[in-house]
């Protein structure tokens, strides 16, 4: 099983808010891998938009991303594109 773990600094001025969270859930919707985000000792399933929003990660917050599974290698770059972008909205699909 493939496993990738990275710490990412959130660059979006509004932090990890609804639009990027929606894009993340859309990316993960049809994947076979498990994705977890950890922020300040709280770990959530990143396939849930409500769980992502409850983390309340602000701009410059450091988020630990763990992706495990057979399609993890394809999923990680898509997640990074959303999480590391300073832009308000990104088309990832």
If you wrap a convex hull around the Cα atoms of the chain, how much volume per residue is inside, in Å³? 76
Compute the helix-to-body angle for 18-28: its Cα long axis versus the longest principal axis of the chain, expressed 0 to 90° and rounded to tens. 10
Please state the relative contact order of the range 3-83 as a whole percent: Cα pairs under 8 Å, 6+ residues apart? 48
Which of 20, 58, 77 ends up with the largest GNM mean-square fluctuation for the chain, with Cα atoms connected below 10 Å? 77
Using Cβ counts within 10 Å as a stand-in for footprinting exposure, how do 22, 42 rank, fewest first? 42, 22
Tell me the angle of helix 72-83 to the major Cα principal axis of the chain, expressed in degrees between 0 and 90 and rounded to the nearest ten. 10
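FYI, it's all coordinate maths here, none of it is from the lab. None of the values given here were measured: they were computed from a predicted structure. Cβ coordinates were reconstructed from backbone atoms using ideal geometry, including for glycine residues, and neighbour counts include every protein chain displayed.
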